[in-house]
Amino acid sequence: MKNLIIGGAGFLGSHLCDALLNRGDEVICIDNFITGSAKNIEHLRDNRNFHFIEADIIALDIEKLNLPFSADIIFHLASPASPKDYVRFPLETLKVNSIGTEKCLNLALKLGAKFLFTSTSEVYGDPLESPQKETYWGNVNPVGPRSMYDEGKRYAEALIMTYHRIYRIKTYIPRIFNTYGPRMRLDDGRVIPNFIFQALNKKPLTIYGDGKQTRSFCYVDDLIKGLLLLVETDYHMPVNIGNPGEFTIIELANKINDITGSNLPFEFLPPVVDDPRKRRPDISLAKKLLGWTPAVKLEEGLRKTFEFYTETGQ
Ligand code: UDP
């Protein structure tokens, strides 16, 4: 298979590049490095099946781009994805999910390629139902401080569904729940990299609000397997990909202390505006459709992630 990965130097994108190259595919990776990093793809530089183009798809006339080969599938993963990053790059976040998605869809149409877009559990907002099923329409503040991300992703889903209906293009909309693993930027502001950074530097673990809010954390390898199974199907409606194990932030902080052998105190900070209180995927659809279920338990995934940072000194 020939793959074009937009946002391929990011956390998820670089793991997707690895998985595709490991199975013998060819990969063209495009990234503008606003939140991705050259370091994430450095190890692929000499791989003759890997091609890199530094470009911003918002500004680019992507259809005129001189690609080394035509792609069978386009993966659009390009977007700031942590609350800290999308607040830092609000317009870029809106544009890459709206204008960027439209450009990728037009390219997919021109090439006759399949198209996968990484959507998010944020389309459910601060959910009034838990666990969240794909059929839940969500509870999103359309003008709040997270709206550039949530509404950007919701607009993209609507656009993709419209292209699918009008042009019969093969599209995929995985809704990704909190994912973690090696290569997350330790300054990206998300809870696991923050806690790992704090554990490495013997600082208190920062907890926003009362710490009783929940998240469900999926190890990156499980997530990538889910995406690759999804594109083998003909299913075009959204599919939750996440780990249903649900933990409060305090439980997560305790696990970080356990696996790093520390006893760091907690520093309670003011709550984040519009912070979802609960988040947990219902993955019945992914199980039935893909035969997929996450295999890596939180302790094991945290241990592997922590090892990555201690071993690489990043
Ligand atoms: N959080 C926290 N301490 C931190 C970073 C995050 O308590 O140092 C909380 C945050 O308020 C949220 C949860 O952890 O309730 C997950 O936040 P993250 O930014 O990782 O992802 P989100 O699911 O909010 O996009």
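If one computes the Cα centroid of the range 289-303 and of the range 217-265, what distance in Å separates the two points? Cα centroid to Cα centroid, the span is 7 Å. Note the angle between two axes, namely the Cα long axis of helix 147-167 and the longest principal axis of the Cα atoms of the chain, as a number of degrees from 0 to 90, rounded to the nearest 10. With rounding to tens, the tilt is 30 degrees.
Pairs of Cα atoms nearer than 8 Å and 6+ residues apart set the relative contact order; for the chain it is 17 percent.
Between Tyr208 and Ala158, the FRET efficiency from the beta-carbon distance, with R0 = 30 Å, is close to 0.45. For the range 243-259, the Karplus equation 6.51 cos²θ - 1.76 cosθ + 1.60, evaluated at θ = phi - 60°, returns couplings of 9, x, x, 10, 9, 6, 5, 5, 4, 4, 4, 5, 5, 5, 4, 4, 6 Hz by residue, with Gly and Pro reported as x. Computed on the Cα atoms alone, the convex hull of the chain gives a volume of 120 cubic angstrom per residue. Using only side-chain charges placed at the Cβ, +1 for Lys and Arg and -1 for Asp and Glu, the dipole size of the range 139-190 relative to its Cα centre rounds to 260 debye. The length gained by stretching the chain between Asp274 and Val143 to full extension, at 0.36 nm per residue less their Cα-Cα distance, is 46.1 nm. For the residue pairs Lys95/Lys203; Lys202/Lys287; Lys153/Lys202; Lys133/Lys225, alpha carbon separations beyond 32 Å are given by Lys95/Lys203; Lys202/Lys287; Lys153/Lys202. Think of each Lys and Arg Cβ as +1 and each Asp and Glu Cβ as -1; about the Cα centre, that makes the dipole of the chain roughly 340 debye. Dipole check for the range 244-314: with +1 at the C-beta of Lys and Arg, -1 at the C-beta of Asp and Glu, and the Cα centre as origin, the magnitude is about 400 Debye. Mean residue ellipticity, 222 nm, helices only, the chain: the sum of -39500 (n - 2.57) across DSSP H runs of n ≥ 4, divided by residue count and rounded to 500, is -11500 deg cm²/dmol. Legend: calculated FRET efficiency, Asn22 to Lys288, from the Cβ-Cβ distance at R0 = 25 Å, rounded to 0.05, equals 0.40.
Ranked by the mean number of other Cβ atoms within 10 Å per residue, highest first, peptides 269-280, 204-215 order as 204-215, 269-280. Electrostatic bookkeeping for Pro142 treats Lys and Arg as +1 and Asp and Glu as -1; over the other residues with beta carbon under 12 Å from its beta carbon, the sum is -1.
Size descriptor for the range 87-152, Kirkwood hydrodynamic radius: 13.3 Å (Cα pairs only, one decimal). On full extension, the segment bounded by Asn47 and Glu311 gains 92.7 nm, given 0.36 nm per residue less the C-alpha separation. Here's how it looks for Ile241: its modeled amide H is under 5 Å from those of Arg175, Ile176, Phe177, which are all 5 or more places away or on a different chain. The gain in end-to-end length when the Tyr167 to Glu251 segment is fully stretched comes to 25.6 nm, 0.36 nm per residue minus the alpha carbon separation. Taking every alpha-carbon pair under 8 Å whose residues sit at least 6 apart, the range 85-234 reaches a relative contact order of 25 percent.
All of the numbers you see were taken from the coordinates with simple rules; none came from a lab. Predicted model only: the values in this text are computed from it and were never measured. As a convention, Cβ positions derive from the backbone with ideal geometry for all residues, glycine included, and neighbour counts pool all protein chains shown.
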